[in-house]
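Contents: one structure, followed by commentary.
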Amino acid sequence: MSERTSWRAMREEIMNRPGAGAAYEAARIRFELGEAVRLRREALGMTQVQLAVALGMQQPAVARFEAGGTMPTIVVLERFAEALGMRLTVELEPLDKAS
């Protein structure tokens, strides 16, 4: 019979693997970007199809982005921002000030 491992212990083991921290951070960024786009799109009353048309993309590409499934380039982020009536701002901050 195998012993059960707590989620915390499993996460700690996974995060100790080489490259895991960078992969986790990349996933967090993708998720936050997608969430920001989805929230703005919904606030504007737009559908994914309408946003896709404004971007010259297909709706599944918008859905993947909103779900955090893709890491867009700065150029693509600028297109999203423009289509959503926003301005893209990229900033770097010291790690000790990052949340």
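Using only DSSP helix segments of four residues or longer, with each worth -39500 (n - 2.57), what per-residue ellipticity at 222 nm results for the chain after dividing by its residue count and rounding to 500?
Value at 222 nm, helices only: -18500 deg cm²/dmol.
Placing +1 at every Lys and Arg Cβ and -1 at every Asp and Glu Cβ, with all other atoms neutral, what dipole size does the chain have around its Cα centre, in debye to the nearest 20?
240 debye
Report the relative contact order of the range 9-99, percent, no decimals, based on alpha-carbon pairs under 8 angstrom and at least 6 residues apart.
Computed value for the range 9-99: 26 percent relative contact order.
Where in the chain are the DSSP H helices whose alpha-carbon span along the long axis reaches 30 Å or more and whose Kyte-Doolittle mean is at least -0.5?
Long hydrophobic helices here: 20-43.
How far apart, in nm, are two points set 7 Å out from the Cα along the Cα-to-Cβ line at Trp7 and at Val90?
Result: 3.4 nm between the two label points.
None of the figures in this text is laboratory data; all of them are computed from the coordinates on show. None of the values given here were measured: they were computed from a predicted structure. Note: ideal-geometry Cβ built from the backbone for every residue, glycine included; neighbour counts use all protein chains shown.
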